[in-house]
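In what follows, a structure is listed as structure tokens, so that the remarks can point back to it.
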Amino acid sequence: MKAVIGRRYRRLLVPYAGEAWQDLVRFLRETQTLITGSSARTMFLGDVEHDMRDLNLVVPPTSFNILDEFLINTLGYVCISVISHPAMALGIKQFRKYTKQGKVMTLASPPKDKNILHTILSTPTTADMIYMTTGGVTCLYPQWLDQRVAICSGTGNLVLSTDKLGCAGELHDELRVKLGTAFIGEACGNRCPTLWHHIQEKHMRKSTDWDLSDSVTKTFFNVDIEWRLNTYCENPACRYNFEIMAGNLETLGAFNRMWTLKQKHDSPLTLGDRFRRQVFARRDTLSPACKTPIDDHMQDS
Ligand SMILES: [Zn+2]
């Protein structure tokens, strides 16, 4: 099985690097670069038959120039833009877009005080919050992707209908792109976009490794990030929609944050405590029919 997945990975990269694809893998691994967007989604879903056009890379700030030189000098790509989409402004400090023979690659780095995952978490839909190392792939919203649905984050509305960024914007062939959760026709429960997630909450994500020497799970170690898709819910069946919108004074966007050790030390509650307290406060007000197996899973943790 792992050999099959390894071949799938190679098949995704060869169109972008030709015979130098193994050099590309080595550079990605050494610089701890993540691949996100449609290539990671294809890897996750296993549908590698159709041609990919974009390869989106997210690299730690200290390795941005190394990879930039590799793409230009070794792979022969030409830089065509240095400006990222406004919807990604919170998660990207450095950006470059390259092209070669109809293929497009992008390279992005988070601000220096942010983790590389902040860039992933700033994307405009849940379907873009999927990424891979050279050894594994992680999906942060597997329950939506399984249904081929992409829920827009708070920055999704910054992508115009004539525009396109990841899954947001123009019509999408493989996914239903939804502005919110109103289409489910019932209360959101723990699927509500206003619900905070924490990167350490294992049951909220789905990860698969095919090469443990570069396991995707290493991206979660010693990382203290929590985020939510939006600051309000537009689902009329969800009792939190207007309460959350009115009561929330924080900024828009797929807002995510990383706590420093000092902040954590100063806080009387751990992040896990605060997360669970928030979840259970909501859970207590849900009707039994709205509680999903994930709710029960949470209570066990
Ligand atoms: Zn909701």
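The values are calculated or read from the model by the stated rules, or taken from the named source; none is laboratory data. The structure presented is a predicted model; accordingly, all values stated were derived computationally and were not measured. Cβ: placed from backbone, ideal geometry, glycine included. Neighbour counts: every protein chain shown.
Which residue pairs have Cβ atoms under 6 Å apart, sit 6 or more places apart or on different chains, and have a first residue in the range 181-204 that is over 18 Å from Gln147 (Cβ atoms) and of a type outside the set (Phe, Trp, Tyr) and a second that is more than 12 Å from the ligand (Cβ to nearest atom) and assigned to a loop (DSSP other than H, G, I, E, B)?
Close Cβ pairs satisfying both conditions: Ile199/Val223.
What pairs can you find where one residue is in the range 28-54 and at pLDDT below 90 and buried (at least 20 other Cβ atoms within 10 Å of the Cβ), the other is small (Gly, Ala, Ser) and not in a loop (DSSP other than H, G, I, E, B), and their Cβ atoms are less than 8 Å apart, with a gap of 6+ or different chains?
Taking only residues 6 or more apart or on different chains, the pairs are Arg41/Ala127.
Somewhere in the range 136-152, is a residue of a type in the set (D, E, K, R) and in contact with a strand residue (DSSP E or B) (Cβ under 8 Å, 6 or more places away or on another chain)?
In the first step, residues of the range 136-152 are kept if they are of a type in the set (D, E, K, R); the result is 146, 148.
If we keep only those that are in contact with a strand residue (DSSP E or B) (Cβ under 8 Å, 6 or more places away or on another chain) too, we end up with 148.
Checked against the condition, which is being of a type in the set (D, E, K, R) and in contact with a strand residue (DSSP E or B) (Cβ under 8 Å, 6 or more places away or on another chain), the range 136-152 yields at least one hit.
Pairs only if they're at least six apart or on different chains, beta carbon under 7 angstrom, first in the range 84-97 and more than 15 Å from Ser153 (Cβ to Cβ), second assigned to a helix (DSSP H, G or I) and among the charged types (D, E, K, R); list them, first residue then second.
The qualifying pairs are Arg96/Asp68.
Cβ-Cβ below 6 Å, separation at least six or inter-chain, first residue in the range 129-144 and farther than 13 Å from Leu12 by Cβ, second part of a loop (DSSP other than H, G, I, E, B) and of a type in the set (Val, Ile, Thr): which pairs?
Met129/Thr123
Every residue in the range 5-53 that is closer than 17 Å to Ser213 by Cα and more than 20 Å from the chain's Cα centre (by Cα), please. Reasoning before the result, please.
From the range 5-53, those closer than 17 Å to Ser213 by Cα are 5-7, 9-10, 22-35; that's our starting set.
Result: Ile5, Gly6, Arg7, Arg10, Gln22, Asp23, Leu24, Val25, Arg26, Phe27, Glu30.
Strands (runs of 3 or more DSSP E) wholly in the range 1-104 with at least 1 residues that are closer than 20 Å to Gly135 by Cβ - which ones? Steps first, please.
Numbers: elements: 34-36, 54-58, 78-81, 94-100.
Fully inside the range 1-104 and qualifying: 34-36, 54-58.
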